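Written below as structure tokens is the structure these notes are about.
The values are calculated or read from the model by the stated rules, or taken from the named source; none is laboratory data. A quick note: this is a predicted structure, and the numbers were derived from the prediction, not measured. Virtual Cβ from ideal backbone geometry, glycine too; neighbours counted across all protein chains shown. The protein model used for the area step is the full one, side chains on, heavy atoms only, and it has no ligands, DNA or RNA in it. Shrake-Rupley method; radii C 1.70, N 1.55, O 1.52, S 1.80 Å.
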Amino acid sequence: MLRNYLKIAFRNLTKNPTFSFIHVLGLTIGTAACILIFQYVSFEYSYDKFHQQAENIYRVPLRYSEGFSSVPKTATNHPGLGPAMLTDFPEVVSYTRLVSPSNLGNTLSWSAINDQGHKVTFTEERIYLADSTLFDIFSFPVISGNKHTMLSKPNTMVITREMAKKYFGHSDVLGKTIRMNGNEITVTGVIENIPANSHLDFDGLLSFTSFFRNIGANNSWIWPEFYTYVLLRPGTDPATVEAKFPEFTNRYMDAIHREHNFKSYFSLQPLLDIHLKTDCANEPTVPGSERTVQFLTILAILILIIAWVNYINLSTSRSMERAKEVGTRKVAGAERWQLTTQFLMESVLLNAISILLGLVLAKVLLPAFTRLVGKQIGDSLLNLYLLSDPWFWIILVGSILVGGLVSGIYPSMVLSSYRPSQILKGSYHKSRQGVFMRKILVGFQFVVSLLLISVTLLVVRQLTFMNTQELGYNKEQIFVVKSPIIQDSLTFLRAGVLVNDLNQISDVSAIAKSSEIPGKQIAMRVDTRKADQDKEFNNATFALRIDHQYLPTYGIELAAGRNFNVNDSTNIFQAPVNKVLINETLAATYGYQDPEEAIGEMIKFKLGEPEHVAEVIGVIKNYHQRSLKE
């Protein structure tokens, strides 16, 4: 009987190729869209799950009291936090810290002599200083080296397979030497390239002791630039640890809080929540959005439902054509359940064909979809994250059965309900039940499609706005040259030589030197206040070091006052009174109603231990230093 049902099902599919093609095409496209979307969703939820102890790893972010900083919560924390937690919290098994060398004021130049005797030199961006305990906490695959000791000594580092090949042409590089700004660094470990679904992404790790033999009390709790991770004992309730933070914070930071009139708050952030649920600034990589992932999940389900509803509508619309078949079979003695089974078999078969074709279509579209989302979510069907999950196959088979039943149950019930007497009289087409149901389903399709189109238009308009919004500076035709900085007595001389050489190029119309560029998070933060105010009025302020060409090069306009000139001192520590530019927001924070009022006023700012006095010579118009999202 089952073989007979399959034969009839195939016969009906080939007998009506146009309807079959529309059926299969709709379900195939819907299935392919679902697979691609769920592949992306699965990838987003897979972040950091490859670490064996992932559920017990927590990051400790830092939140400031309201008004203290324009970044109320940051993913980084003070360097003294990890050691103090290991001492004071019995729940903490281990800790590790990471910090970018850029926070130390240097862009690092790396070079090595490869096996052919050639010198290979690069400026590396993706390097961190890390504690030797990092590999006790995280499960990055180690190719060679002792994971417990390979970051324990000064001037040692761990590099990825890719970085090893870049410098030496192969990954067998233990004991090889890489020069960092002239200093010799020994490679003591090689690890696999960091997975795409890791919120930490780096090419190399330099031992923490290479720069820090010991971080003293003077800066242990006033340098919030260190990512700090702790490993809790299995079974520990993180809430019990967080309950101890207020007293812990007061113990180490009370004097600092009173001096600068602010409060710090610590919390535990689960490793598995970092990528999708973080609300912190200064993330090591661009985080995802859980709301976006949830929206895409709903979108995928709606696309599949629309495809199923389309199948129901097309099937019921053909009910008149198949009425004679139903009548003939009923006269021949077929029971209603047999007819229902027959039509459900057709539906399941068509869903199975569509899902298989959907998998093929998903494979074809996967490279383009990967480029669209900008993430390495898989470059072939065989290495899809979905296909490695047993639940995917359960859901796939379930979708064939459930999809076949859901989309086929109503048409089968309608078709099998016809009475032979009605069919013979030709009155079966007068029933309004099928027409009414089709109207409901078509209406549902219309509403859902309209909703999806509206949301798409909204997203397009938002992205268009972000792409066309005036940023307050010119970013076209500007080429950023990021040169390694070796801090010595010749630093400024080298920069001057570079500028002079670039000025000889006829296509170069302007050159500006600055510590940061628009579009990036500014690393340097200083406390500023009006000179006649006490420290309790300090404002946490982001600061740039620029020259007199910076404003005209980027097209940033002045709201009042003047720009720097070549005679203004560039050495903060030597000038008795510095010259500074502030923006409109800081001027308003100081209480000036009009930018002109700020010109000539004196302010104090703290950079390191000493305080400096500065005269406001200009107020620049606000511009978007960071993305519109932020």
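Here are some notes:
- Residue check, Arg11 of a type outside the set (Asp, Glu), in a helix (DSSP H, G or I) and either at pLDDT below 95 or surrounded by 22 or more Cβ atoms within 10 Å (Cβ to Cβ) (or both): yes
- Among (1) assigned to a loop (DSSP other than H, G, I, E, B); (2) of a type outside the set (Lys, Arg); (3) open to solvent by 10 Å² or more (accessible area, probe 1.4 Å); (4) farther than 30 Å from Leu607 by Cα, the one test that Glu184 misses: (1)
Each row is one residue, and each column tells you yes or no for (1) among the acidic types (Asp, Glu); (2) part of a loop (DSSP other than H, G, I, E, B); (3) open to solvent by 50 Å² or more (accessible area, probe 1.4 Å).
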| site | (1), (2), (3) |
| --- | --- |
| Phe122 | no, no, yes |
| Ser132 | no, yes, no |
| Phe135 | no, no, no |
| Ser139 | no, yes, no |
| Asn146 | no, yes, yes |
| Thr149 | no, yes, yes |
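- The range 73-93, residues that are among the polar types (S, T, N, Q) and either part of a loop (DSSP other than H, G, I, E, B) or open to solvent by less than 30 Å² (accessible area, probe 1.4 Å) (or both): Thr74, Thr76, Asn77
- Failed item in (1) in contact (Cβ under 8 Å) with a residue 40 or more places away in the chain; (2) open to solvent by 60 Å² or more (accessible area, probe 1.4 Å); (3) more than 39 Å from the chain's Cα centre (by Cα); (4) over 12 Å from Val619 (Cα atoms), with Asp534 passing the rest: (1)
- Each residue in the range 275-291 was checked for being of a type in the set (Gly, Ala, Ser) and open to solvent by less than 30 Å² (accessible area, probe 1.4 Å), and 2 of them qualify.
- Whichever residue in the range 245-274 is open to solvent by 30 Å² or more (accessible area, probe 1.4 Å) and of a type in the set (Phe, Trp, Tyr) and, among such residues, is farthest from Ser46 (Cα to Cα): Tyr252
- Test: residue in the range 191-203 that is modelled with pLDDT of 95 or more and assigned to a strand (DSSP E or B): yes
- Residues satisfying the stated conditions in the range 35-72, i.e. of a type in the set (D, E, K, R), within 26 Å of Phe295 (Cα to Cα) and either modelled with pLDDT under 90 or part of a loop (DSSP other than H, G, I, E, B) (or both): Asp48, Lys49
- Filtered residue count, the range 220-244, keeping only those that are in contact (Cβ under 8 Å) with a residue 60 or more places away in the chain, assigned to a helix (DSSP H, G or I) and exposed (fewer than 14 other Cβ atoms within 10 Å of the Cβ): 1
- Evaluating Thr528 against the criteria (1) open to solvent by less than 70 Å² (accessible area, probe 1.4 Å); (2) outside any strand (DSSP E or B); (3) hydroxyl-bearing (Ser, Thr, Tyr); (4) under 26 Å from Ser65 (Cβ atoms) leaves one unmet condition, (2).
- Residue in the range 539-546 that is surrounded by 15 or more Cβ atoms within 10 Å (Cβ to Cβ), out of contact with any strand residue (DSSP E or B) (no Cβ under 6 Å at 6 or more places or on another chain) and over 22 Å from Thr76 (Cβ atoms) present: no
- Condition check for Glu162: within 31 Å of the chain's Cα centre (by Cα) and open to solvent by 40 Å² or more (accessible area, probe 1.4 Å): yes
- Every condition in (1) modelled with pLDDT of 85 or more; (2) buried (at least 18 other Cβ atoms within 10 Å of the Cβ) is met by Ile298 except one, and the failing one is (2).
- Members of the range 579-612 that are of a type outside the set (A, V, I, L, M, F, W, C), in a loop (DSSP other than H, G, I, E, B) and either on the phi < 0 side of the Ramachandran plot or open to solvent by 70 Å² or more (accessible area, probe 1.4 Å) (or both): Tyr590, Tyr592, Gln593, Asp594, Glu601, Glu609, Pro610
- Some residue of the range 556-566 being within 27 Å of Val499 (Cβ to Cβ), open to solvent by less than 70 Å² (accessible area, probe 1.4 Å) and in a helix (DSSP H, G or I): no
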